[in-house]
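Peer 1: Sending over a structure as C-alpha coordinates; questions will come in a sec.
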Amino acid sequence: MKASNNTEKNSVSSILAALRSYDGCELDVRLTRDRVLVLYHNAKYNGRRLLETDFKDLKGVQALQELIDHPQVIKSINDNGKTLWIETKEDTTLGKKKDPVYCQELARSITEQLKDSDLKSKNMRIISFSSEILKHISGFRTCRIIPYIFTRADSIIQYYNHKTILQMFKSLRKYILDTEKMGIGGLLFYRRYLRGFFSLFQPSLDEIRSIGKEDFMLGIGAKTFEEEKFFKDVVCVTDYRGERVGGRGKDAGPLICHRGL
(Lines give C-alpha, C1' and ligand atoms only; values in the text may rest on other atoms or scores of the structure.)
Protein backbone atom coordinates (compact mmCIF):
# COMPACT_ATOMS: atom_id res chain seq x y z
CA MET A 1 0.00 0.00 0.00
CA LYS A 2 1.14 3.52 -0.70
CA ALA A 3 2.07 5.59 2.33
CA SER A 4 0.39 8.91 3.06
CA ASN A 5 1.76 12.01 1.36
CA ASN A 6 2.59 13.54 4.72
CA THR A 7 5.82 11.47 4.71
CA GLU A 8 7.16 13.55 1.81
CA LYS A 9 7.58 16.68 3.90
CA ASN A 10 8.44 15.02 7.22
CA SER A 11 11.63 13.52 5.78
CA VAL A 12 15.35 14.07 6.22
CA SER A 13 15.75 15.46 2.69
CA SER A 14 12.85 17.92 3.02
CA ILE A 15 14.09 19.14 6.42
CA LEU A 16 17.63 19.56 5.09
CA ALA A 17 16.29 21.63 2.18
CA ALA A 18 14.39 23.83 4.64
CA LEU A 19 17.45 24.34 6.86
CA ARG A 20 19.38 25.67 3.85
CA SER A 21 16.77 28.34 3.08
CA TYR A 22 15.11 29.14 6.43
CA ASP A 23 16.19 29.91 9.99
CA GLY A 24 14.82 26.57 11.12
CA CYS A 25 12.39 23.78 10.39
CA GLU A 26 9.35 22.41 12.19
CA LEU A 27 8.76 18.65 12.08
CA ASP A 28 6.41 16.11 13.66
CA VAL A 29 7.47 13.17 15.82
CA ARG A 30 5.50 10.16 17.06
CA LEU A 31 6.18 6.78 18.65
CA THR A 32 5.57 3.44 16.94
CA ARG A 33 4.51 0.20 18.63
CA ASP A 34 8.16 -0.86 18.99
CA ARG A 35 8.89 2.59 20.43
CA VAL A 36 10.83 4.12 17.56
CA LEU A 37 10.57 7.90 17.28
CA VAL A 38 9.53 8.61 13.69
CA LEU A 39 9.08 11.68 11.51
CA TYR A 40 5.34 11.47 10.91
CA HIS A 41 2.35 13.79 11.20
CA ASN A 42 -0.78 11.62 11.35
CA ALA A 43 -1.89 9.38 14.21
CA LYS A 44 -2.61 6.61 11.68
CA TYR A 45 -0.64 4.97 8.88
CA ASN A 46 -2.75 3.49 6.07
CA GLY A 47 -5.77 3.43 8.39
CA ARG A 48 -3.97 1.74 11.28
CA ARG A 49 -2.87 3.39 14.53
CA LEU A 50 0.82 4.25 14.47
CA LEU A 51 1.04 2.91 18.03
CA GLU A 52 -0.09 -0.47 16.70
CA THR A 53 2.44 -0.48 13.85
CA ASP A 54 6.14 -1.42 14.00
CA PHE A 55 8.73 0.81 12.37
CA LYS A 56 9.71 -1.84 9.80
CA ASP A 57 6.17 -1.76 8.42
CA LEU A 58 6.19 1.99 7.76
CA LYS A 59 7.20 2.40 4.14
CA GLY A 60 8.76 5.77 3.36
CA VAL A 61 8.77 6.88 7.01
CA GLN A 62 12.11 7.79 8.59
CA ALA A 63 13.28 7.66 12.18
CA LEU A 64 14.18 10.80 14.13
CA GLN A 65 17.57 9.22 14.83
CA GLU A 66 18.41 9.32 11.12
CA LEU A 67 17.75 13.05 11.07
CA ILE A 68 19.72 14.06 14.15
CA ASP A 69 22.70 11.87 13.16
CA HIS A 70 22.91 13.35 9.66
CA PRO A 71 26.21 15.30 9.22
CA GLN A 72 24.54 18.11 7.26
CA VAL A 73 21.87 18.53 9.92
CA ILE A 74 24.53 18.67 12.65
CA LYS A 75 26.45 21.30 10.66
CA SER A 76 23.32 23.40 10.06
CA ILE A 77 22.35 23.32 13.73
CA ASN A 78 25.74 23.56 15.43
CA ASP A 79 27.75 25.69 12.99
CA ASN A 80 25.13 27.73 11.19
CA GLY A 81 22.81 28.35 14.14
CA LYS A 82 19.69 26.89 12.54
CA THR A 83 16.97 25.50 14.81
CA LEU A 84 14.84 22.36 14.86
CA TRP A 85 11.29 22.76 16.13
CA ILE A 86 10.22 19.25 17.07
CA GLU A 87 6.49 18.84 17.56
CA THR A 88 5.72 15.92 19.84
CA LYS A 89 2.37 14.53 18.81
CA GLU A 90 -0.25 12.97 21.06
CA ASP A 91 -2.04 9.76 20.12
CA THR A 92 -5.32 11.31 18.97
CA THR A 93 -6.94 8.14 17.65
CA LEU A 94 -8.84 7.54 20.89
CA GLY A 95 -10.60 10.90 20.96
CA LYS A 96 -9.88 13.68 23.43
CA LYS A 97 -8.76 11.49 26.32
CA LYS A 98 -5.06 12.00 27.01
CA ASP A 99 -2.86 9.09 27.97
CA PRO A 100 -0.48 10.43 30.65
CA VAL A 101 1.68 7.30 30.47
CA TYR A 102 2.18 7.74 26.72
CA CYS A 103 2.85 11.47 27.15
CA GLN A 104 5.53 10.80 29.74
CA GLU A 105 7.10 8.03 27.67
CA LEU A 106 7.21 10.18 24.55
CA ALA A 107 8.77 13.08 26.46
CA ARG A 108 11.36 10.82 28.05
CA SER A 109 12.24 9.16 24.74
CA ILE A 110 12.76 12.37 22.84
CA THR A 111 14.69 13.99 25.70
CA GLU A 112 17.08 11.03 25.95
CA GLN A 113 17.57 10.76 22.19
CA LEU A 114 18.36 14.45 21.76
CA LYS A 115 20.67 14.54 24.78
CA ASP A 116 22.60 11.59 23.33
CA SER A 117 22.99 13.35 19.98
CA ASP A 118 25.73 15.77 18.90
CA LEU A 119 23.24 18.60 18.36
CA LYS A 120 23.48 21.73 20.48
CA SER A 121 20.55 21.74 22.88
CA LYS A 122 20.23 25.54 22.72
CA ASN A 123 19.14 25.20 19.08
CA MET A 124 16.44 22.64 19.81
CA ARG A 125 12.80 23.54 20.47
CA ILE A 126 10.32 20.95 21.73
CA ILE A 127 6.78 22.06 20.92
CA SER A 128 3.40 20.45 21.46
CA PHE A 129 -0.33 20.96 21.81
CA SER A 130 -0.02 18.85 24.96
CA SER A 131 1.27 20.48 28.14
CA GLU A 132 1.19 16.96 29.60
CA ILE A 133 4.07 16.08 27.24
CA LEU A 134 5.97 19.34 27.68
CA LYS A 135 6.03 19.20 31.46
CA HIS A 136 8.16 16.03 31.24
CA ILE A 137 10.73 17.57 28.88
CA SER A 138 14.01 18.56 30.54
CA GLY A 139 17.08 20.32 29.20
CA PHE A 140 15.41 21.85 26.14
CA ARG A 141 13.38 24.96 25.39
CA THR A 142 9.67 24.10 25.27
CA CYS A 143 6.84 25.86 23.52
CA ARG A 144 3.11 25.24 23.90
CA ILE A 145 0.79 25.38 20.90
CA ILE A 146 -2.74 26.64 21.53
CA PRO A 147 -5.10 23.88 20.38
CA TYR A 148 -6.87 25.02 17.26
CA ILE A 149 -9.80 22.85 16.21
CA PHE A 150 -10.07 22.78 12.42
CA THR A 151 -13.15 20.88 11.30
CA ARG A 152 -14.39 21.97 7.92
CA ALA A 153 -17.03 19.23 7.66
CA ASP A 154 -19.09 20.31 10.66
CA SER A 155 -18.31 24.03 10.64
CA ILE A 156 -21.02 26.66 10.83
CA ILE A 157 -18.63 29.30 9.51
CA GLN A 158 -15.93 28.12 7.10
CA TYR A 159 -12.81 26.84 8.95
CA TYR A 160 -14.55 27.05 12.33
CA ASN A 161 -16.82 24.99 14.51
CA HIS A 162 -18.53 26.09 17.71
CA LYS A 163 -15.70 24.80 19.93
CA THR A 164 -13.11 26.72 17.95
CA ILE A 165 -15.09 29.93 18.12
CA LEU A 166 -15.55 29.74 21.91
CA GLN A 167 -11.87 28.95 22.37
CA MET A 168 -10.71 31.93 20.34
CA PHE A 169 -12.51 34.41 22.59
CA LYS A 170 -10.07 33.50 25.37
CA SER A 171 -7.46 36.20 25.74
CA LEU A 172 -3.92 35.56 24.57
CA ARG A 173 -2.85 37.38 27.73
CA LYS A 174 -4.29 34.55 29.81
CA TYR A 175 -2.78 31.90 27.52
CA ILE A 176 0.67 33.47 27.95
CA LEU A 177 0.43 33.80 31.72
CA ASP A 178 -0.99 30.27 32.12
CA THR A 179 1.78 28.86 29.94
CA GLU A 180 4.44 30.61 32.02
CA LYS A 181 2.95 29.17 35.20
CA MET A 182 3.36 25.69 33.70
CA GLY A 183 7.09 26.32 33.35
CA ILE A 184 6.86 26.29 29.55
CA GLY A 185 9.07 28.78 27.72
CA GLY A 186 6.90 29.89 24.84
CA LEU A 187 3.55 29.97 23.06
CA LEU A 188 2.60 29.39 19.43
CA PHE A 189 -0.85 30.58 18.40
CA TYR A 190 -3.08 30.71 15.32
CA ARG A 191 -2.76 33.83 13.16
CA ARG A 192 -6.52 34.51 13.24
CA TYR A 193 -6.18 35.54 16.87
CA LEU A 194 -4.58 38.76 15.63
CA ARG A 195 -6.02 39.17 12.15
CA GLY A 196 -9.68 39.45 11.29
CA PHE A 197 -12.76 39.24 13.50
CA PHE A 198 -11.17 37.60 16.57
CA SER A 199 -8.48 40.28 16.81
CA LEU A 200 -11.19 42.59 18.21
CA PHE A 201 -11.12 40.55 21.43
CA GLN A 202 -7.33 40.23 21.72
CA PRO A 203 -4.41 42.44 22.74
CA SER A 204 -2.41 43.88 19.85
CA LEU A 205 0.82 42.24 18.73
CA ASP A 206 2.82 44.94 20.51
CA GLU A 207 0.83 44.36 23.70
CA ILE A 208 1.27 40.60 23.76
CA ARG A 209 5.01 40.99 23.24
CA SER A 210 5.12 42.94 26.50
CA ILE A 211 3.27 40.23 28.47
CA GLY A 212 5.27 37.71 30.45
CA LYS A 213 8.97 37.35 31.03
CA GLU A 214 11.57 38.89 28.75
CA ASP A 215 12.76 35.56 27.35
CA PHE A 216 9.25 34.15 26.81
CA MET A 217 9.02 32.99 23.20
CA LEU A 218 6.08 33.93 20.98
CA GLY A 219 5.31 32.43 17.59
CA ILE A 220 2.57 32.30 15.01
CA GLY A 221 1.73 30.58 11.74
CA ALA A 222 1.67 32.23 8.32
CA LYS A 223 0.41 31.19 4.90
CA THR A 224 1.32 34.25 2.82
CA PHE A 225 4.27 36.62 2.46
CA GLU A 226 2.01 39.42 3.68
CA GLU A 227 1.38 37.50 6.92
CA GLU A 228 5.09 36.77 7.31
CA LYS A 229 5.79 40.51 7.18
CA PHE A 230 2.91 41.34 9.51
CA PHE A 231 4.24 38.90 12.13
CA LYS A 232 7.94 39.56 11.50
CA ASP A 233 8.59 40.60 15.12
CA VAL A 234 7.90 37.11 16.47
CA VAL A 235 8.81 33.58 15.44
CA CYS A 236 6.97 32.81 12.22
CA VAL A 237 6.21 29.19 11.30
CA THR A 238 5.32 29.46 7.65
CA ASP A 239 3.68 27.44 4.89
CA TYR A 240 4.40 30.13 2.31
CA ARG A 241 6.75 28.95 -0.46
CA GLY A 242 6.67 31.87 -2.90
CA GLU A 243 9.07 34.73 -3.62
CA ARG A 244 10.07 37.13 -0.85
CA VAL A 245 10.83 40.29 -2.80
CA GLY A 246 12.62 42.74 -0.53
CA GLY A 247 12.83 40.23 2.33
CA ARG A 248 11.18 40.58 5.73
CA GLY A 249 13.40 43.35 7.12
CA LYS A 250 16.60 43.36 9.15
CA ASP A 251 14.77 43.12 12.49
CA ALA A 252 12.57 40.20 11.47
CA GLY A 253 12.24 37.26 13.84
CA PRO A 254 13.11 33.67 12.90
CA LEU A 255 11.38 32.22 9.84
CA ILE A 256 10.63 28.54 10.40
CA CYS A 257 9.64 26.23 7.55
CA HIS A 258 6.59 24.13 8.40
CA ARG A 259 7.40 20.40 7.88
CA GLY A 260 10.16 21.01 5.37
CA LEU A 261 10.35 21.81 1.67
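Peer 1: Among the residues of the stretch 176-197 satisfying the criterion of being surrounded by fewer than 20 Cβ atoms within 10 Å (Cβ to Cβ) and either more than 21 Å from the chain's Cα centre (by Cα) or among the hydroxyl-bearing types (Ser, Thr, Tyr) (or both), which is farthest from Arg125 (Cα to Cα)?
Peer 2: Checking each candidate, the answer is Phe197.
Peer 1: Pairs under 7 Å by beta carbon, first residue acidic (Asp, Glu) in the stretch 118-139, partner in a loop (DSSP other than H, G, I, E, B), six or more apart or different chains?
Peer 2: Here the result reads Glu132/Lys98, each pair linking the stretch 118-139 to a residue that is in a loop (DSSP other than H, G, I, E, B).
Peer 1: Let me ask you something else. Out of the residues in the stretch 23-72 that are touching a residue at least 40 places away in the same chain (Cβ under 8 Å), assigned to a strand (DSSP E or B) and not hydrophobic (A, V, I, L, M, F, W, C), state the one that is farthest from His258 (Cα to Cα).
Peer 2: Arg49
Peer 1: Which of the residues that make up the stretch 160-174 are at pLDDT below 70 and in a loop (DSSP other than H, G, I, E, B)?
Peer 2: Tyr160, Asn161
To keep it simple, each residue is scored yes or no on (1) touching a Gly at 6+ places or on another chain (Cβ under 9 Å); (2) closer than 19 Å to Ile256 by Cβ.
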position	(1), (2)
Ile176	yes, no
Glu180	yes, no
Tyr190	yes, yes
Gly196	no, no
Phe201	no, no
Glu207	no, no
Phe216	yes, yes
Glu227	yes, yes
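Residues checked against (1) at pLDDT below 95; (2) surrounded by 20 or more Cβ atoms within 10 Å (Cβ to Cβ); (3) farther than 20 Å from Phe189 by Cβ; (4) of a type outside the set (S, T, N, Q):
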{"position": "Thr93", "(1), (2), (3), (4)": "yes, no, yes, no"}
{"position": "Asp99", "(1), (2), (3), (4)": "yes, no, yes, yes"}
{"position": "Asp118", "(1), (2), (3), (4)": "no, no, yes, yes"}
{"position": "Lys122", "(1), (2), (3), (4)": "no, no, yes, yes"}
{"position": "Ser128", "(1), (2), (3), (4)": "no, yes, no, no"}
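The values are calculated or read from the model by the stated rules, or taken from the named source; none is laboratory data. Keep in mind it's a predicted model, so treat the numbers as computed, not measured. Note that we place each Cβ from the backbone using ideal geometry, even for glycine, and neighbour counts take in every protein chain shown.
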